Structures are given as structure tokens and as C-alpha cells.
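The values are calculated or read from the model by the stated rules, or taken from the named source; none is laboratory data. What you see is a predicted model, and the numbers here were worked out from it, not measured in a lab. Here the Cβ positions follow ideal geometry from the backbone for every residue, glycine too, while neighbour counts run over all protein chains shown. The protein model used for the area step is the full one, side chains on, heavy atoms only, and it has no ligands, DNA or RNA in it. Shrake-Rupley method; radii C 1.70, N 1.55, O 1.52, S 1.80 Å.
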Amino acid sequence: MKCDMYISHLECPQCTNRYEGGKRIQVCECGSPLLVRYDLKRVGAILDKQALSARPASLWRYRELLPLRDEAHIVSLGEGMTPLVRARQLGRRFGFTNLFIKDEGIIPTGTFKARGAAVGVSCAREVGVDTLAMPTNGNAGGAWAAYCAAAGIRCVIVMPQDAPAINTKEIAITGADLFLVDGLISDAGRIVGRAVAQHGWFDASTLKEPYRIEGKKTMGLEIAEQMGWRVPDVIIYPTGGGVGIIGIFKAIRELQDLGWIGAKMPRLVAVQASGCAPIVKAYEARAHTSEFWEGAATCAFGITVPKALGDFLVLEAVYASRGCAVAVTDTAILDAQAQIAALEGNFVCPEGAATFAAARKLLAQGWIQPEEEVVLLNTGTGLKYPQTVQAEAPLLAPGDDLPVDGCVKRF
Ligand SMILES: Cc1ncc(COP(=O)(O)O)c(C=O)c1O
Ligand SMILES: [Zn+2]
């Protein structure tokens, strides 16, 4: 089925240049990322929320709000419609009445990066890309390698050598060309930039093509749908390149323009680790762009992004939603990870744990009220980060008996 008629154009948020949708394109002439715009009047005329809710539980249920022209090009591993779980015990213990976790830990490849990859790779296939290249902190590389394998597209990935070991393995087994760099994602990005200029490959770096963000935006569409076509008070997001928070903001604006939800905008919180917090620093100075963060380091590897191309869009989403940006220490992140696991049974990734550390900080500051509806974005499974947990178990001889009290320290 064709569905391109709903894209109206691609728009530059910096210089307002317009481009035709559904084409092989990277960034605006001025260097800014491009955003996909839809003809929402026409979407609203053919689609209503009841009809949509009857569709299969996949992110492709929002196809009229996605940039693919022909559904035949969809590359799917079964992504989308992740659970929005009420975190009752965690909330009760720490003073939140209405705490929720949007859990991306169960999506293909184990992180929300699958959403951007599903839509990004499907669109790349549609516009005839045969080789794409990207820098990654690991999880995006794992996701894009997997979707490229399914699409039959060659995928070249450059990743910091300090990225989690599992990312090396998942990228390698899916057959991508993987290179490690003795440096950060910004160094990997420069290597990819030179390669795409030399070889004419498609540049799939964060926000250097307009379609990945459309996949990530489906997190915002799902949250609104799962809450009965309304939004919570606060959404807390672990921010690296910022595509997820920009996408959630865009999704809610589109639903408002469709008239499917009211005018309320959730306060969007960008969380960063105190070892790499350029957006937080910019927010504290009420600036509209960030500066390169020197010496970036945190256990939440996915959010180690010293300077994001879309920083101005992240900050716009934060300011326009009356949100904020907040930094949390690695110690607070690892404590939050243990608290969520012990009280909710969910082993979340450190990036996801950072959102709960931020929620606690904002509650203590009075920025969040105890009864407000707060959605934490757990962007991935903790199973990808075994090094974040130190576990020791007593070794028994076959003839030993178990102590009646057990041995494991309870939270
Ligand atoms: C688990 C995880 N969470 C969050 C992020 C940050 O993503 P974004 O680019 O949307 O800020 C990443 C990026 O690598 C990640 O891997
Ligand atoms: Zn422009």
C-alpha cells in the first residue's frame, strides 16, 4: 500500500528551507538537520484514533505519520508498542504516586534504537541506498547493523573502543563492517564524515538524515495512546544526541495539531550524566546551543555525546515544554538501577536508570510534585551492561546445605 501522500515536505528548522520528501537527502544546505512535515489535515480526514487503536501492536500502526512511501519497503523485526508499566512499589518507596516506566528493554536489539533503525533503514532501502555508514556509542550500531542485515544493505560502523563489549559482538555477528576508534563518538563521526565524502555512502549519523527521528518519535505517540490519548505531566529522557526527546516533542505537537489530544504539553526533562552534560550546562545558562564537553566519561555510555548536532532542537523542546535539563552522577545512576531492579523486577540500562535518579532529584527540589504523572523512559535492557552490576554468590560444595536466611543482600 502506498502512503507517501501524507508527507508534505522536509523543513529546515534553522533557515526554513524546504525540500521534497521521500528522496535520498542528508541535511539542509545550511548544515542543519531536516524535519519531516506531514499534511495533518489530510491524515485527520482519513484516520481516527479508534481505527488506529485496532491495528497490530507495532510502530507501523502510525504509518500515516511516518515517512515511508510504500509499505513494501518496511524492514521490520517486530518493533514498537513497548509496555508502559506502572512502577507502584518504586513510586511508593520514593514518594511518587503516579510513576510509570516506558520500557524499551524488550524491543528488538534490546534498546529503543530499534525504532530509529526500523524507520531509517526502511527509508534508506526505499530511496535505493546500498551502503550506509554511521558512528555509534554502541546501541544504535547494533540496531542499524541488524536492520541493514534484514534489508540487505551494507553497513559500515565506527565505534569508540570503550563501548560495551556486547555491542561489538552484535554488530559483528550481523555482518556489518565494524571499526573501533581510540576516541569518542565525535572522533568516530569525523572518520565517517570523511568516508561518506570520499565514497558517496549514505551518512546515517544522528540527525544527518531526516528519517531516524521519525522512528523515535513513535515513543511519544505510544505514550499518548497508552494513556488513553492524553499526556502525562512529566516525561524524563536520557539525552545523548537528543533524537528521542526531539522526537517525543514532535510527536506530541503532531497529535495536538491532529486534535487527538488536548493542548497540554508534558514537561520534558533531558537527563545527562554529570561526566558529560553539555545540554545541562547550556540549559543552566539559558543558552540555545551547547558547547563541546571536554573529557566526557560516564557509565551510561549511550549518553556520552560531547556535542550534539541537534542540541538547539533539544533545548527548544525543553524550553517550549517548560521542562528542564538535569545532571546525575554515576553513583546516583547505579543506585537507581539497583532500586528499580529490586522494587520493580526490571534490570534497566544505566541510561534508563539515570531518569529515575533525575526524578528523585527533581522531586526533592520540588520541581516535581508527588502526585504528578511522571513517565521515565527506560531506553534499553540492563542485560546489555553486565559490567554495571557487581554480584558475588557463595560457592557450595554438592553436599552443602543452604542457610535458612539466604545470603543475598536485599535492597
Ligand atoms: C540506551 C540509550 N539511551 C539513550 C541514548 C541517547 O539517545 P538520543 O540520541 O535519543 O539522545 C542512547 C544513545 O546511544 C542509548 O544507547
Ligand atoms: Zn537550513
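Table for the structure above
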read-out: Residue that is surrounded by 19 or more Cβ atoms within 10 Å (Cβ to Cβ), within 16 Å of ligand 2 (Cβ to nearest atom) and touching a residue at least 40 places away in the same chain (Cβ under 8 Å), where the choices are 310, 302, 242, 323; value: 310
read-out: Qualifying residue in the stretch 5-13 (condition: touching a Pro at 6+ places or on another chain (Cβ under 6 Å), open to solvent by 20 Å² or more (accessible area, probe 1.4 Å), away from ligand 1 (no atom under 16 Å from the Cβ) and aliphatic (A, V, I, L, M)); value: yes
read-out: Residue list for the stretch 164-221, filter: acidic (Asp, Glu) and farther than 24 Å from residue 28 by Cβ; value: 170, 177, 182, 187
read-out: Options 391, 397, 357; residue that is within 27 Å of residue 99 (Cα to Cα), aliphatic (A, V, I, L, M) and outside any strand (DSSP E or B); value: 357
read-out: Yes/no for residue 298 being of a type in the set (Ser, Thr, Tyr) and farther than 30 Å from residue 388 by Cα; value: no
read-out: Listing of strands (runs of 3 or more DSSP E) fully contained in the stretch 80-176 that carry 1 or more residues being aromatic (Phe, Trp, Tyr); value: 98-103
read-out: Answer residue from the stretch 120-178, given it is of a type in the set (Ser, Thr, Tyr) and open to solvent by 40 Å² or more (accessible area, probe 1.4 Å) and is nearest to ligand 2 (Cβ to nearest atom) among those; value: 174
read-out: Subset of the stretch 41-60 (residues that are in a helix (DSSP H, G or I) and open to solvent by 30 Å² or more (accessible area, probe 1.4 Å)); value: 41, 42, 44, 45, 46, 49, 50, 51, 53
read-out: Qualifying residue in the stretch 123-134 (condition: in contact with a helix residue (DSSP H, G or I) (Cβ under 8 Å, 6 or more places away or on another chain) and within 23 Å of residue 298 (Cα to Cα)); value: yes
read-out: For residue 210: the one exception among (1) in contact with a strand residue (DSSP E or B) (Cβ under 7 Å, 6 or more places away or on another chain); (2) farther than 22 Å from residue 303 by Cβ; (3) in a helix (DSSP H, G or I); value: (3)
read-out: Every residue from the stretch 1-46 that is more than 9 Å from ligand 2 (Cβ to nearest atom) and farther than 23 Å from residue 118 by Cα; value: 18, 41, 42, 44, 45, 46
read-out: Any helices (runs of 4 or more DSSP H) falling wholly within the stretch 213-310 and containing at least 3 residues that are under 14 Å from residue 324 (Cα atoms); value: 243-258, 278-284
read-out: Output for the stretch 245-259, where each listed residue is open to solvent by less than 20 Å² (accessible area, probe 1.4 Å) and either within 16 Å of ligand 1 (Cβ to nearest atom) or hydrophobic (A, V, I, L, M, F, W, C) (or both); value: 245, 246, 247, 248, 249, 250, 251, 252, 255
read-out: Long-range neighbours under 6 Å by Cβ, at least six apart or interchain, first residue farther than 18 Å from residue 313 by Cβ within the stretch 9-30, second open to solvent by 50 Å² or more (accessible area, probe 1.4 Å); value: 22/4; 22/69
read-out: In the stretch 367-411, residue most open to solvent (accessible area, probe 1.4 Å) [restricted to those that are of a type outside the set (Val, Ile, Thr), more than 16 Å from ligand 1 (Cβ to nearest atom) and under 17 Å from residue 93 (Cα atoms)]; value: 410
read-out: Residue satisfying all of: in the stretch 198-238; over 19 Å from residue 271 (Cβ atoms) and of a type in the set (Ser, Thr, Tyr); farthest from ligand 1 (Cβ to nearest atom) among these; value: 211
read-out: Single residue of the stretch 29-40 satisfying the filter (away from ligand 1 (no atom under 16 Å from the Cβ) and closer than 22 Å to residue 254 by Cα) that is most open to solvent (accessible area, probe 1.4 Å); value: 37
read-out: Criterion (assigned to a loop (DSSP other than H, G, I, E, B) and touching a Gly at 6+ places or on another chain (Cβ under 6 Å)) met by exactly one of 370, 403; value: 370
read-out: Cβ-Cβ under 8 Å pairs, at least 6 apart or on other chains, the stretch 114-137 side free of Cβ contacts under 8 Å to residues at least 24 places away in the same chain, far side among the β-branched types (Val, Ile, Thr); value: none
